[in-house]
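The values are calculated or read from the model by the stated rules, or taken from the named source; none is laboratory data. Here the structure is a predicted model, which means the values were calculated and not measured. Here the Cβ is made from the backbone with ideal geometry for all residues, glycine too, and neighbour counts use every protein chain on show.
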Amino acid sequence: MTAAAGYGRALDLITRVRGVRGAMLVSAEDGIVVADQLMEGIKGPAVAALASSLTTRLRRAMEAAGVGASVFWHLQAEQGALLVVPTGGAGGILVVAVAEPDVNVGLVRLELLRAAEVAG
Amino acid sequence: MTTRAVEGWTLQPLMTFVREAGARLVLVMTSAGQVLAQHGFSRALDVMSAAALGAAIMASTDEIARQLGQAPFAALNHQGERHGIFLAGVPTGRGRLVALVVYDLDVSSLGLVQLFLEQLAADLRAASPKDSVPKQVLAADFERELSDSLNTLFGR
C-alpha cells in the first residue's frame, strides 16, 4: 500500500465514527494539510494552521510544566469538538478530528491513535 | 515594533495581519518594489534592500511562469532553520501588490501566514481606492519618491 493510500485508510477509520465531521493529517511544523476527509463547510487549511499553532504552544506549556510531550488533546466547544494526536515531536504529523459535541471521545481517540501509528 | 504606511488604506489590513499571523517583518509594495507599508523594520536601508530583492524574486518567478506558459505563481516560501520568508502577489484596486513576510518558526508557521495572507488580500482589496490608476514609476521621479516613502515609513 502506498503512503497516500495508507493515510486515506487511516482517515477513513476516523470519519466512520458517528459524529465525526472530518479528519486530517497536518504537518505539525508548517500547519499545512497533508491529507484530509472533511464534510462540506469545514475550513481545512484554517483548522490545520490553527491546530498546528496551538500544538506548538501546548508543547511549550507541557515542557514548562515538566509533564512531557502531549499524546492527545481534546477541545470541547458549544457546537463541536477538536481532537488531536501529535506524532513524532515538533516536525511530525498531527492527526486531527473535527466532531459533533456529543461524539464518543474514547472511540475517536482510539482511531486517532491508530491513524497516528500509520502516519507517524 | 512599528507599523507604518505610505498609503493610509493599507495600514489597518497590515496591522490585523501582523497581529493574527505573528509575522516579524512585513512589506506591502508594488511589483516595482515601491513600498506602501511596512512592519517591523527599523532601518530605511533594510526596507530598500528587502523591497528590491523581493520585487526581483517576484519578477524572476513571473518570468519563469511566463516561459512555462502559465499564470504567475501565487506565492513563494523560503524556509530556513529559524525563519521563513513568504512572498505573494495580491491583486487590489491599486494593481497587483506584493507582500513580503518574514516569520519566526517558533512563533508562526507557513500555514498561519498563508491563512491570514488570504485575509490580508481580501482586506486590501476592500480598502483600496476603487478609482485609482496604478501610478507609473518614472526613473526621473524614482529617487524622490523613494526618499518621500522612506521619510513617511520611518517618521522623519
Of (1) touching a helix residue (DSSP H, G or I) at 6+ places or on another chain (Cβ under 7 Å); (2) hydrophobic (A, V, I, L, M, F, W, C); (3) within 28 Å of B:GLU118 (Cα to Cα), A:LEU58 satisfies all except one. Which?
(1)
Those residues of region B:60-75 which are in contact with a Phe, Trp or Tyr (Cβ under 7 Å, 6 or more places away or on another chain) and not hydroxyl-bearing (Ser, Thr, Tyr) amount to B:ALA65, B:ALA75
Please indicate, with yes or no, whether at least one residue in region B:101-112 is within 14 Å of chain A (Cβ to nearest Cβ), within 15 Å of the chain's Cα centre (by Cα), in a helix (DSSP H, G or I) and modelled with pLDDT of 95 or more.
no
Could you list, in sequence order, the residues of region B:1-48 that are free of Cβ contacts under 8 Å to residues at least 60 places away in the same chain, within 25 Å of B:GLY111 (Cα to Cα) and assigned to a helix (DSSP H, G or I)?
B:LEU11, B:MET15, B:VAL18, B:ARG19
Lone unmet requirement of (1) more than 14 Å from chain A (Cβ to nearest Cβ); (2) of a type in the set (A, V, I, L, M); (3) surrounded by 16 or more Cβ atoms within 10 Å (Cβ to Cβ) for B:ALA71:
(3)
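To keep it simple, each residue is scored yes or no on (1) touching a residue at least 40 places away in the same chain (Cβ under 8 Å); (2) not in a helix (DSSP H, G or I).
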residue	(1), (2)
A:GLY68	no, yes
A:VAL95	yes, yes
A:ARG109	no, no
A:ARG114	yes, no
Among the residues of region A:19-32, is there at least one that is over 14 Å from the mean Cα position of the chain (by Cα) and either in a strand (DSSP E or B) or away from every other protein chain (no Cβ under 11 Å) (or both)?
yes
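The rows are residues; the columns are (1) small (Gly, Ala, Ser); (2) modelled with pLDDT of 90 or more.
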position: A:MET1; (1), (2): no, no
position: A:ALA4; (1), (2): yes, no
position: A:THR15; (1), (2): no, yes
position: A:GLY19; (1), (2): yes, yes
position: A:VAL34; (1), (2): no, yes
position: A:ILE42; (1), (2): no, yes
position: A:ARG60; (1), (2): no, no
position: A:PHE72; (1), (2): no, yes
position: A:LEU107; (1), (2): no, yes
Residue pairs meeting the criteria (Cβ under 8 Å; at least 6 apart or on separate chains; first assigned to a loop (DSSP other than H, G, I, E, B), in region A:35-64; second at pLDDT 95 or above)
A:MET39/A:ARG21; A:MET39/A:GLY22; A:ILE42/A:ARG21; A:ILE42/A:GLY22; A:ILE42/A:VAL98
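Looking only at region B:67-96, count every residue that is in contact with a Pro (Cβ under 8 Å, 6 or more places away or on another chain) and at pLDDT 90 or above and tell me the total.
Start the filter on region B:67-96 by keeping residues that are in contact with a Pro (Cβ under 8 Å, 6 or more places away or on another chain), which leaves B:89, B:93-95.
Next, from what is left, pick out any that are at pLDDT 90 or above: B:89.
Number of matching residues: 1.
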Members of region A:35-55 found to be under 17 Å from A:LEU83 (Cβ atoms), away from every other protein chain (no Cβ under 11 Å) and either within 13 Å of the chain's Cα centre (by Cα) or acidic (Asp, Glu) (or both), listed by number:
A:ALA35, A:ASP36, A:GLN37, A:LEU38
